[in-house]
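Here is the structure we will look at.
The values are calculated or read from the model by the stated rules, or taken from the named source; none is laboratory data. Every value quoted in this text rests on a predicted model; they were computed, and no experiment measured them. Here the Cβ is made from the backbone with ideal geometry for all residues, glycine too, and neighbour counts use every protein chain on show. Only protein heavy atoms, including side chains, enter the accessible area calculation; ligands, DNA and RNA are left aside. Shrake-Rupley method; radii C 1.70, N 1.55, O 1.52, S 1.80 Å.
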Amino acid sequence: MYPATGDTPSRSLVAILVDRAASQPDDAAYHFIGDDPASEIKLSYSQLLQEAISLAVSLQIMELPGKPVVLACKTHFFFIVGIYACLLSSTLAVPAAPPRRAALEERIAFLAAHSGAAAMLTDSDAVLEMEMENSLPLIDMRHGRPAAGDAPRRWDRDVADADRPALIQYTSGTGGDPRGVVHSQRSLLAASDAVHASFGHGAHSATLLTLPLFHETGLMLGVIHPLAADVPVYLMTPAQFVQRPERWLRLIGQLRITTAGGPNFMFDMVARALECGQPAPLDLSCLDVCFCTGEPVRAGTIARLLELLQPYGLHPGALAPCYSLSEAGRHVTGGPAGHAPARLAAGIAGLVQPLVSCGRPHIDCRLLIVNPLTRREVAQGDIGEIWLQCASIGLGYWNAPRLTEAQFGARLQDGGGDGAYLRTGDAGLLCDGQLYVLGRLADRVRLGGIDHAAHELELQAERSHAALRPSCATVFTADVAGRPRLVVACELKREMLRCREKWPHVEAAIRSAIRRVHGLAVDEVLLLAPGALPKTSSGKVRRGQCRDDYLAGRLVRAKPAPAASPRHGELAQPNKH
């Protein structure tokens, strides 16, 4: 039904899908883990092509090829089908998170407006019920597609060139509005090739993924790489992981997983789950790569994880902190494989906490640390902005030519013919060829002429008292009454809303921890209601918006129970004194 394309002058994901559906139709690339331990749904190459072609024909009938289409799905199955349907029809997919709260509805509305989306694909009733501006057509992926037997005949196989825009991947928007990174099929395949090499994938590799598929790591490891490299992936939803982190560990052994991982806070949850109860027998000896990416990697978390999991067969060399970014569509550092992560001791480069290496740049990458003001490379061990060249970097930012030129076309002051670099906006340093990432440049806290890493201050704050929620603290400076003030905002655990008498002790603990470790006096501490901090769709705190909300009096202070909902909190007003 779907003849192989044979050799093509331009390798593409579409050609690979058609070839795999013809040559290995029953092989399953995607496995969907159900809530029931015994339940699992598989999606074979032939089924994927059949489902994707059926939807692609609908998109072509609606004259959507060449136009952006937002993809907001609650299930992994329809998200994957939607991505490949867009590729098959030359439609530009715009991956988005389904709206679970008001902030995500706002993000979907922003993505639709900014991308100039011509339609929205979804399998979510919540999305279908959204009130979209400009009467954006909403396509329910569960209904209304051409019959599967008729779809191949009606599919227009005139696929776009592999170098043309194929997908718009929006950044999380940690420091401001999200930016739409334009990727071609060629850049996505280059990213997949690099992932394959860096993780050492082979014929017996398998990935277990719990990350959302609409961000770069989830999109690459959960959607693109399984097809491009023929490496099966087992997909859990983030909610399944949060509810039972210990199940993730058991599945690694049961399914003989070789690659798994996630952000730092995920490993904190695994560690807490292990410490709270005795797990069933585990076998992690099959795990070759346990990657950690998506936010600053904490040395304490890595050490704690290794101490807890090494008795179950986890090799220290399997732990692989990485540095990833949407603009490259993947992680660009990591490894070397088989070696435990390197560390910088506290005190080096002015750091208060030990810092874990994110590994060496991949073989196809050229990575420099540059003074962002002089545009000159800094000495080894000095902090600067991370600049990058690699084959998988996207074509630029959607509808932002000036920003594209500034960020994707950066050149060293004395670079000569060195070519253009991507300016990442991230602070880091290189030591012995290893990259250490310190977070966003814009988030560094400067007081008294000294820079402080915001994530170090936040770590001290959240660990200062057991009443505070993990990974729910932010630190920023705000100009109030003509001078910069250091503000710390932390979310309380829900049960602490009934303990108003303990709040002064919590505030004092925060101030004491930051003064003792960093020598800084905190001007104001805000104890917030659970869920009050604005976050990105991937769960990162949006520090810039926190500052803006603080100055505008929009941060919701905690209020004693029974009014535990943030809606009944008190708005935090900037202290003028």
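Applying the selection to the stretch 312-333, what residues are open to solvent by 20 Å² or more (accessible area, probe 1.4 Å) and assigned to a loop (DSSP other than H, G, I, E, B)?
Hits for the stretch 312-333 are GLY313, HIS315.
If VAL517 passes every condition in (1) modelled with pLDDT under 90; (2) part of a strand (DSSP E or B); (3) open to solvent by 10 Å² or more (accessible area, probe 1.4 Å) but one, which one does it miss?
With (1) modelled with pLDDT under 90; (2) part of a strand (DSSP E or B); (3) open to solvent by 10 Å² or more (accessible area, probe 1.4 Å) applied to VAL517, the lone miss is (2).
Residue check: is LEU533 buried (at least 21 other Cβ atoms within 10 Å of the Cβ) and touching a Phe, Trp or Tyr at 6+ places or on another chain (Cβ under 7 Å)?
Answer is no for this residue.
Table: residues versus (1) of a type in the set (A, V, I, L, M); (2) at positive phi; (3) in contact with a strand residue (DSSP E or B) (Cβ under 7 Å, 6 or more places away or on another chain).
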| position | (1), (2), (3) |
| --- | --- |
| ALA532 | yes, no, yes |
| ASP549 | no, no, no |
| ALA552 | yes, no, no |
| VAL556 | yes, no, yes |
| LYS559 | no, no, yes |
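Here are some residues: LEU492, LEU486. Which one is within 33 Å of the chain's Cα centre (by Cα), open to solvent by less than 20 Å² (accessible area, probe 1.4 Å) and over 26 Å from LEU441 (Cβ atoms)?
LEU492
Out of the stretch 464-503, which residues are of a type in the set (D, E, K, R) and touching a strand residue (DSSP E or B) at 6+ places or on another chain (Cβ under 9 Å)?
ARG469, ASP479, ARG485, GLU491, LYS493, ARG494
Assuming GLU501 fulfils every condition listed in (1) outside any helix (DSSP H, G or I); (2) open to solvent by 60 Å² or more (accessible area, probe 1.4 Å) apart from one, which condition is it?
The failed condition is (1).
If a residue must be in contact with a helix residue (DSSP H, G or I) (Cβ under 9 Å, 6 or more places away or on another chain) and free of Cβ contacts under 8 Å to residues at least 40 places away in the same chain, how many such residues does the stretch 512-552 contain?
The qualifying residues number 5.
Hey, can you tell me all the residues within the stretch 21-67 that are small (Gly, Ala, Ser), outside any helix (DSSP H, G or I) and surrounded by fewer than 17 Cβ atoms within 10 Å (Cβ to Cβ)?
Once the filter is applied, which keeps residues that are small (Gly, Ala, Ser), outside any helix (DSSP H, G or I) and surrounded by fewer than 17 Cβ atoms within 10 Å (Cβ to Cβ), the stretch 21-67 yields GLY34, ALA38, SER39, GLY66.
Just to be sure before I move on: is ASP382 assigned to a loop (DSSP other than H, G, I, E, B) and within 16 Å of GLU327 (Cα to Cα) in the structure I sent?
no
Would you please name the residue that is most open to solvent (accessible area, probe 1.4 Å), looking only at residues in the stretch 95-128 that are in a loop (DSSP other than H, G, I, E, B) and at pLDDT 85 or above?
GLY116
List every residue pair whose Cβ atoms lie under 7 Å apart, where the two residues are 6 or more positions apart in sequence or sit on different chains, the first residue falls within the stretch 305-318 and is within 18 Å of PHE291 (Cβ to Cβ), and the second residue, located anywhere, is surrounded by 17 or more Cβ atoms within 10 Å (Cβ to Cβ) and not hydrophobic (A, V, I, L, M, F, W, C).
Here the result reads ALA318/ASP288, each pair linking the stretch 305-318 to a residue that is surrounded by 17 or more Cβ atoms within 10 Å (Cβ to Cβ) and not hydrophobic (A, V, I, L, M, F, W, C).
Can you tell me which residue within the stretch 415-463, out of those that are acidic (Asp, Glu) and in a loop (DSSP other than H, G, I, E, B), is least open to solvent (accessible area, probe 1.4 Å)?
It comes out as ASP418.
Name every residue in the stretch 244-265 that is of a type outside the set (Gly, Ala, Ser) and in contact with a strand residue (DSSP E or B) (Cβ under 8 Å, 6 or more places away or on another chain), in order of residue number.
Within the stretch 244-265, TRP248, LEU251, ILE252, LEU255, ILE257, THR258, THR259, PRO263, ASN264, PHE265 qualify.
Working only within the stretch 143-189, note down all residues that are modelled with pLDDT under 70 and among the hydroxyl-bearing types (Ser, Thr, Tyr).
If the condition is that a residue be modelled with pLDDT under 70 and among the hydroxyl-bearing types (Ser, Thr, Tyr), then THR174 is the only one that fits.
Can you tell me how many residues within the stretch 170-190 are outside any loop (DSSP other than H, G, I, E, B) and over 29 Å from PRO245 (Cα atoms)?
The number of residues fulfilling the criteria is 11.
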